[in-house]
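Below is one structure; the comments refer to it alone.
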Amino acid sequence: MIRSITLALGIALVAGLPFIAGNLYYLHIATMIGVYWVLIATLNLLVGFTGTLSVGHVGLLAVGAYAFCILAGTFGWNPYLALLAGGVICALLGLLLGLPSLRLPGFYFAMLTLAFGLIVSELALAEQWLTNGSVGLQAPEFPAPFNTPHGLYWLVVGIGGFITWMTWNLARFMWGRAMVALRDSTVAAQSVAVPIYRTKLIVFVFSGFSAGLAGGLYATSQSYITPDAFVVNVGIYFFVAIIIGGRGLILGPFVGAAVLAALPALVGPLAKYGTFFYGLVLLVVVLVIPGGFGELIGGLAARLRQAPHKHTSVVPDLEKLRHAITHAHDYGNARAGVALEAEKVTRRFGGLVAVDAVSLELRPGEVHGLIGPNGSGKTTLLNLISGYYSVDGGAIRLGTRELTGTGVQPRARLGIARTFQTPKLVRALSVLDNAMLGGWPDVRSGFMETAFAGPRPRREEREIRARARAMLEGIGLGDVLGRRAEVLEHTAQRFLEIARALTMRPDFILLDEPAGGLTTAEIATLGDIIGVIRDAGIGVLLVEHHTDFVFRTCDRVTTLNLGRIIAHGLPKDVSRDPEVVRVYLGA
Amino acid sequence: MNAFPPAPRETLLEIEDLHVAYGRAVVVHGAALRVRAGEFVTLLGRNGAGKSTTLHAMSGLIGKRAGRVRFAGQDITQSSPRDIVRAGLVQVLEGHRVFGPLSVEDNLLIGTYARTPRGDRARLDGIYALFPEMAERRRQPASRLSGGQQQILAVAQGIIAQPRLLVLDEPSGGLAPLVVDRILDVAASLCRDGVAILLVEQLVEKALARADTCYLMETGRVVHEAPAADLLGSDILHATYLGGHVT
Amino acid sequence: MLLVIVNGLALGGLYGMTALVYNVMYSTSKVLSFGTGQFAMVGGIVTAFVVLNLHLPLLIGLAACLVAGGLFGWASEWIAVRRIVAASDEHLWVLSTLALSTMVQEAMGLWWGTDPTPFPRLIRQEFAGAWDQKFWFPIVFSVVMAVGLELFYRRTMTGKVFIAMSEDSFAARARGVATDRMRSLSYVIAGVLGALSGFAAGQLTFADFSLGIGLGLSGFIALALGGIGSSLGALVGGVMLGMMIAFTDHYFGAEYQKTIAIGLLVLLLVVRPQGLFGTNRVRHV
């Protein structure tokens, strides 16, 4: 209620500004803020959400501006069409830049975009036949009623509002969680099948499109453009706006954008110190509050809400959990009897053979223990099965389906979930959001469909939310759904990871030392949970050092030493195997 | 095993009430142990019990939440890793971590670096006498050695640093039994020459066969201390590693 | 034609030196600093200021240039890297070094002015052409610098410690290496070398406050071409880029320099992301 009143007031204020401002100069500044906002709102998705730093976005702004002036001015196109064309051109340029570089470490991408920013102004100067060189180009106006300062303001506000709505939709549905996940924990994002490279690329292309629109609007509101308006330093402004506003907030950067656009105009004499000042602000924010003010305030609020701090033990409701798992997926009929199989897999690291021709079969509805001393290759084997490492020999199969050459995400989509030795959670997201990430393999809504908040993303959101909530309540985290994952206790983090894996409705779940750091009582609880998972029909691979726990919990146990299987069979036999006793006690 | 129980010796290393956390996960809570001069101590326990974390915190490589570490009469709780090495507390990390691009000889010289910033070539001969295969490969980059040779090089790097206490963190990890015996025998012979040894090892019986004293760690605490000879073949060990809990 | 080649080699020398400076900082910190090109800018302007404005001898100019570079390098590590390297978040060091680089550039622009100023002649010379010192200084300095760095890495204990840190910083610390101090030292060395490259190539680039960003980019392309961590690669990558730019300049005009450079970079990223001489695995994703 309060939120909708605030929203209505905000809209009224923004729409009515021309009547309040009185002064046309102030209105111009407000228009410029709107223009920058069109760019910053989507750049924020790229920088703030996916954590990808595009330094040369100003180059896209310039291309959009020139495209608009040239198409609508020189060639006499319809201005709306020209504006749109500018956006499309920039989206294509984004694709061109992103394709080769977004797979590589972030610095490569930052450098490539910087280079792009530099060449745009270089070419704008050089290609005089097109851009009129340093003299610049006259920008055409939009047709009435958008040809007055007031009209233009409303046009900009309209487009800005629309873009904001789109980014808001992207942020609140599953795509938003996926973006933050690949920023905070690439490994976790992969494990729930988020395509890292493709997501970054899509977001970059989208932000390219809106930067192109912003360029056209920029040109028309300045009415004249020259190459020196698009120096790379302008890019710093954008960063500062986003970094101050904080990552992961949709409206956060707006404050920064407003201040930045207004400042040079309002304090003219100090303008020449502007860039230095922005550099300083950027440095201070990065050093002191790396998450930005937005995250700072959000974090403080979260901390206040959860006080008083007390040790909470996680108490699962096994019946509820059983129900949640079987409700999420009909395990009775699903791929009945199909096993996950590693056949004679080998993996070398340099001269070391970490896993040496190991075969292992994980059947649905069984708990398979994998034990062995340190360095025996257990986690390596788990990484081979889940796709984080590629095999040097042998094969991984799901039934008759060959998985050997595929990556992590396709395997996650096929129902292979896992947890990690140290829990990999998305620390900035809530407990519920983290669990919901497990619903990603079920998301069919595309990026644009989500941006327009179509019926499908809404329905998927509802379903996944309900499923994740049921899992969390079953596993004992129902009281802390809204808490940020990073403030959870260690045990709760472990259980949250299991809940996320279960939300994937997996056929197989690989647990990497889930008992690590748990108390004896908590290990017993874990055993109960694993029992429920197995009884539902899911195959569990349990990598563990607590051998007693493994022998108690598992149906079958495999023991590795020096990368090879030394014992395999029923727990009671393996635990008495002289070779196992020997490697554990080192005779 | 020493035939005669050693006379009481001065305490070289003393850890009291050590607490270490990674982020919010407290991994070590209240660990305590003591190593006397010239003593061979082994620290045993399941993986994840907090052994390596204890060693890293003791050497100043990671932060401590609480607790005190004394070495050779000095409080080194807040000292830098460099000063700790210079004081003679030298740790060989788990997992044969040598410097791949550097030659074997340069790796050894890095071992002397803390005390002799220009590298102490005079000590090389002693090491080569101890490990002749290192002499043969002195010019080869360490990355070209096998896993076992790399571990020997890592231990040699520790020995050349002139430790008063040499800490070995799972020297056996992923290695063939012969190499393990070799390394542990060298440690035992160093010990006879007066260097104290603190060994974390998963090959329990190999470790106990050479140690004077044994500490057992479980879930971040030291739960048991006994002469190594008493533990060999005892139920406590079997319980710790293969089932049940030490009470 | 000779002139074009010599010009290409000279530019290549400058880019190669910048790539070497990247390597020095990268070895101890795994940070590719956005401010790498700014060392040369500062070195060039300080020399020009001491020699042209204060009318002091060239040697004093050189000394001031090196001192300024060293100080700047030290400050970069202390301000923009030390606190962040622990967090190991790539996002943050890109931003912090970018911010510091921008500040330094703007500060120099405000103090020195924004117009490129001719750099003093280093030795007396009566002629122009391919034998002009403005070409030979960067070429000779780059080779000397690469050879010097290789000797440093192979022959001195400090150089070996740098390599050890670049391989495994945690293990180096366990061996008693004061990693913070070493990182700081590497940045000072990088600053000095970077300033020296600005001194050597000053007659080519002029004393120009806006030199740094573009040079940082070109140096990075040279680095990416040659492969991170390789001195020979840095030189070869620098020369390849320099030659390409010189020839484009000659045949198509100076305005396409950066377009060619970026084209080369894109091509490289597609074909061989680890660079010609690189062994580093750059793929983290």
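None of the figures in this text is laboratory data; all of them are computed from the coordinates on show. All values derive from a computational prediction rather than experimental measurement. As a convention, Cβ positions derive from the backbone with ideal geometry for all residues, glycine included, and neighbour counts pool all protein chains shown.
Observations
- Applying the Karplus relation 6.51 cos²θ - 1.76 cosθ + 1.60 with θ = phi - 60° to segment B:225-232 yields 3J(HN,Hα) values of 9, 7, x, 4, 4, 5, 7, 4 Hz, where x marks Gly and Pro.
- Net dipole in debye of the protein assembly as shown [+1 Lys, Arg Cβ; -1 Asp, Glu Cβ; about Cα centre; nearest 20]: 260 debye
- Over segment A:318-585: Kirkwood hydrodynamic radius from C-alpha pairwise inverse distances, Å: 19.0 Å
- Straight-line cross-link reach from A:Lys272 at under 13 Å between alpha-carbon atoms covers these aspartates and glutamates, not counting any fewer than eight positions away in the same chain: C:Glu106.
- Sorting A:His150, A:His368 by the number of Cβ atoms found within 10 Å of their own Cβ, with the fewest placed first, yields A:His150, A:His368.
- Looking at the protein assembly as shown alone, DSSP beta bridges between its own residues are antiparallel in about 60 percent of cases.
- Residue among C:Ser186, B:Leu43, C:Leu265 farthest towards the positive dipole end of the protein assembly as shown, charges placed on Cβ: B:Leu43
- With Rh defined as the Kirkwood radius, the inverse of the mean 1/r over Cα pairs, the Rg/Rh of the protein assembly as shown is 0.99.
- Measuring max minus min along each principal axis, the C-alpha atoms of chain A give extents of 87, 52, 44 Å (largest first).
- For C:257-270, mean number of other protein chain Cβ atoms within 10 Å: 5
- Coarse-grained scattering of segment A:158-285 at q = 0.18 Å⁻¹, given as base-10 log I(q)/I(0) from a Debye sum over alpha-carbon atoms: -1.17
- Sorted from greatest to least, the principal axis extents spanned by the alpha carbons of segment C:80-191 come out as 58, 38, 19 Å.
- Segment A:103-222: C-alpha pair distances exceeding 24 Å, %: 50 percent
- Sorted largest first, extent of chain C alpha carbons per principal axis (Å): 58, 45, 36
- Lys/Arg +1, Asp/Glu -1 at C-beta; the protein assembly as shown dipole; positive extreme among A:Ile225, A:Thr525, A:Leu81: A:Thr525
- Our helix-only sum for chain C, with -39,500 (n - 2.57) per DSSP H run of n ≥ 4 divided by its residues, gives a mean residue ellipticity at 222 nm of -24000 deg cm²/dmol.
- For the cross-link pairs A:Lys424/B:Lys206; C:Lys134/C:Lys160; A:Lys378/C:Lys30; A:Lys424/B:Lys51; A:Lys572/B:Lys206, the ones whose C-alpha atoms lie over 28 Å apart are A:Lys424/B:Lys206; C:Lys134/C:Lys160; A:Lys378/C:Lys30.
- Each of A:Thr380, A:Gly399, A:Phe420 was placed along the dipole of segment A:318-585 (beta-carbon charges, centred on the mean Cα), and the one lying farthest toward the positive end is A:Gly399.
- Expressed in Å, the radius of gyration and Dmax of the Cα atoms of segment A:397-463 are 14.9, 40.
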